[in-house]
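**Student:** Below is the structure I would like to discuss, written out as structure tokens.
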Amino acid sequence: AQSVTQLGSHVSVSEGALVLLRCNYSSSVPPYLFWYVQYPNQGLQLLLKYTSAATLVKGINGFEAEFKKSETSFHLTKPSAHMSDAAEYFCAVSTMGRRALTFGSGTRLQVQP
Amino acid sequence: GAGVSQTPSNKVTEKGKYVELRCDPISGHTALYWYRQSLGQGPEFLIYFQGTGAADDSGLPNDRFFAVRPEGSVSTLKIQRTERGDSAVYLCASSPSAGDEQFFGPGTRLTVL
């Protein structure tokens, strides 16, 4: 079985500051890892995914994440926050044997002017 | 092109009633997933179809929940004898095939009074 832990249900940063959203996973087999963003009253949108190629993954809107097997982590970063980044962010894991996504509980990002 | 659509967008029902939620996947996508998202939580997997058959229904909480996809396109999630605890947003996602990126619909908000 796989699981995802997102540390920090709420994160607040100033506009222009570094964004760091933490995700740790548990999986007994090689994982596929994802970050999704959910804006208010909208559906989930894929930001980026790791599927066993490069460990540093670049996504949309300037976000990136690094897969660290030794730390079982897949933290999401963005060098400079923008007001439009305010949303709920979900980390998720799947595997070759279990295609369905297992999501973390989410982190709500607030960006202060 | 058209994304995943879900109808209705909102459904209010009374405890004990039967409800059906519909999902129209992206044309040509063979894999279809149902998730449930309770307030303040990440989405939880319910069931996934590859073509017409349920490839994994391990997330269905009990036998009041059932889903079909008779022609390998549109899917219907059926809930019998609804309970207040069934209140949540029900999300549908589709992908070109199992393991590919999942594209999410906007969800159906179910409220059981």
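The values are calculated or read from the model by the stated rules, or taken from the named source; none is laboratory data. Note that the structure is a prediction, hence the values are computed from the model and not measured. Counting neighbours? That spans all protein chains shown, and the Cβs are built from the backbone with ideal geometry, glycine included.
**Student:** Considering (1) touching a helix residue (DSSP H, G or I) at 6+ places or on another chain (Cβ under 9 Å); (2) at the interface with another protein chain (Cβ under 9 Å from one of its Cβ atoms), say which one A:Cys91 fails and leave the rest.
**Tutor:** (1)
**Student:** Now for a separate question. Output the residue which, of all residues in the range A:19-56 that are modelled with pLDDT under 95 and β-branched (Val, Ile, Thr), is nearest to B:Glu101 (Cα to Cα).
**Tutor:** Looking at the filtered set, the residue picked out is A:Thr51.
**Student:** With the requirement that a residue be surrounded by 13 or more Cβ atoms within 10 Å (Cβ to Cβ) and modelled with pLDDT of 95 or more, what does the range B:62-72 give you?
**Tutor:** B:Arg64, B:Phe65, B:Phe66, B:Ala67, B:Val68, B:Arg69
So that you can scan it fast, the table gives a plain yes or no per residue for (1) exposed (fewer than 14 other Cβ atoms within 10 Å of the Cβ); (2) closer than 19 Å to A:Gln38 by Cα; (3) within 14 Å of another protein chain (Cβ to nearest Cβ); (4) touching a Pro at 6+ places or on another chain (Cβ under 8 Å):
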{"site": "B:Ser9", "(1), (2), (3), (4)": "yes, yes, yes, yes"}
{"site": "B:Thr13", "(1), (2), (3), (4)": "no, no, no, no"}
{"site": "B:Gly16", "(1), (2), (3), (4)": "yes, no, no, no"}
{"site": "B:Val19", "(1), (2), (3), (4)": "no, no, no, no"}
{"site": "B:Asp24", "(1), (2), (3), (4)": "no, no, yes, no"}
{"site": "B:Gly28", "(1), (2), (3), (4)": "yes, no, no, yes"}
{"site": "B:Ala31", "(1), (2), (3), (4)": "no, no, yes, yes"}
{"site": "B:Arg36", "(1), (2), (3), (4)": "no, yes, yes, yes"}
{"site": "B:Ile47", "(1), (2), (3), (4)": "no, no, yes, no"}
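**Student:** Considering (1) among the charged types (D, E, K, R); (2) away from chain A (no Cβ under 13 Å); (3) more than 29 Å from A:Ser9 (Cα to Cα), say which one B:Asp56 fails and leave the rest.
**Tutor:** Here B:Asp56 meets the rest and fails (2).
**Student:** Right, B:Lys78: farther than 20 Å from A:Trp35 by Cα and touching a helix residue (DSSP H, G or I) at 6+ places or on another chain (Cβ under 9 Å) or not?
**Tutor:** Spelling it out, it is not the case that B:Lys78 is farther than 20 Å from A:Trp35 by Cα and touching a helix residue (DSSP H, G or I) at 6+ places or on another chain (Cβ under 9 Å).
**Student:** Now, a different point. Whether any residue in the range B:98-112 is touching a residue at least 24 places away in the same chain (Cβ under 8 Å), surrounded by fewer than 20 Cβ atoms within 10 Å (Cβ to Cβ) and touching a helix residue (DSSP H, G or I) at 6+ places or on another chain (Cβ under 6 Å) is what I want to check.
**Tutor:** Looking for residues that are touching a residue at least 24 places away in the same chain (Cβ under 8 Å), surrounded by fewer than 20 Cβ atoms within 10 Å (Cβ to Cβ) and touching a helix residue (DSSP H, G or I) at 6+ places or on another chain (Cβ under 6 Å), one finds at least one in the range B:98-112, hence yes.
**Student:** Please return the ranges of strands (runs of 3 or more DSSP E) entirely within the range B:7-111 where 3 or more residues are more than 11 Å from the chain's Cα centre (by Cα).
**Tutor:** In the range B:7-111, the matching strands (runs of 3 or more DSSP E) lie at B:10-13, B:53-56.
**Student:** Looking at B:Gln80 and the list (1) touching a Phe, Trp or Tyr at 6+ places or on another chain (Cβ under 7 Å); (2) buried (at least 18 other Cβ atoms within 10 Å of the Cβ); (3) of a type in the set (S, T, N, Q), which single condition is not satisfied?
**Tutor:** (2)
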